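Input: a single structure, listed below in structure tokens.
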Amino acid sequence: MSTPVLIGVAALRGRYTARSIQLAEDPEVLVPLLRRIWTDTFGRDTDAMAAGLLARTWSSLAVNPTTRRWHRQPPVAGLGYPAVTENNTIRQGSLREDLNGLDEWMYLLHPDQRLLVAYEATVHGRWLRHSVHHLDPIEDLFVTAPALNEGGPEMTVCTVCGAVDEIDHVEVPSMAGYGHDTATSCTRCGSSVATDPMFGAHLTRKPWPTHAPTTGDATGGTQ
């Protein structure tokens, strides 16, 4: 279901700069769309993508927006549909701020690391880190990512669903009679890597999202 979200860039000490998207989605839909915008529109230039997203407030994002007769502003090629609003200011805030209950998600770019971090609003009116996504998907199933805050611990990230430190690891003596069998799995999406001394590693990537979204337009509306 479409909902207002924030999209922006992370700064030091938990600060951020962001714009509003009036009609957007949860990470299962919006992250694949943002990856396409990063690749197709900005040629993997994360700084340029950040500048483009912060240039205006958005009604919705789309890779291939078309002219809509009910929109009073023309679409922005490769980005989406600008919002018609009197309040067109950039929002600057903190991850520790009290929320007003309107925005359900916030997506912050870390351009130097090519990361997109998704935060969800909790019932306690605070931002909670939901997932971390590499803009450039990589072959490794589980990777170690740098800390988001200077001096903080590194993160183990599932490259399928973006889950952070939600990894279950089991190691037992191998039935082969030597060495160990291991199973490392993501508790969110179920993707896993199993190893044994005889056959090596077997990687299983579970479908994520369960039903592949239409990545041309985050709203999925008729254009």
Span from the region 179-201 Cα centroid across to the region 19-45 one, whole angstrom
32 Å
What does the C-alpha gyration tensor say about the overall shape of region 1-155? Classify as rounded when a/c is under 1.5, otherwise prolate if a/b is larger than b/c, or oblate.
oblate
The helix 27-36 Cα axis meets the longest alpha-carbon principal axis of the chain at an angle in degrees, between 0 and 90 and rounded to 10, of 80 degrees
Formal net charge of residues neighbouring M155 (Cβ-Cβ distance under 13 Å; K, R +1; D, E -1)
-2
Estimated FRET transfer efficiency when R0 is 45 angstrom, pair T67-Q113 (beta carbons, to 0.05):
0.80
Sorted by mean Cβ packing within 10 Å, highest first, what order do the peptides 50-63, 93-106 take?
50-63, 93-106
What are the ³J(HN,Hα) couplings of region 123-129, residue after residue, when phi is run through the Karplus curve with 6.51, -1.76, 1.60 and θ = phi - 60°? Round to Hz, x for glycine and proline.
5, 8, x, 10, 7, 10, 4
In percent, how large is the relative contact order of region 1-151, given Cα pairs closer than 8 Å and 6 or more residues apart?
24 percent
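Here, each number is a calculation from the coordinates, and none is a lab measurement. Here the structure is a predicted model, which means the values were calculated and not measured. Reconstructed Cβ throughout: ideal geometry from the backbone, glycine too, with neighbour counts over all protein chains shown.
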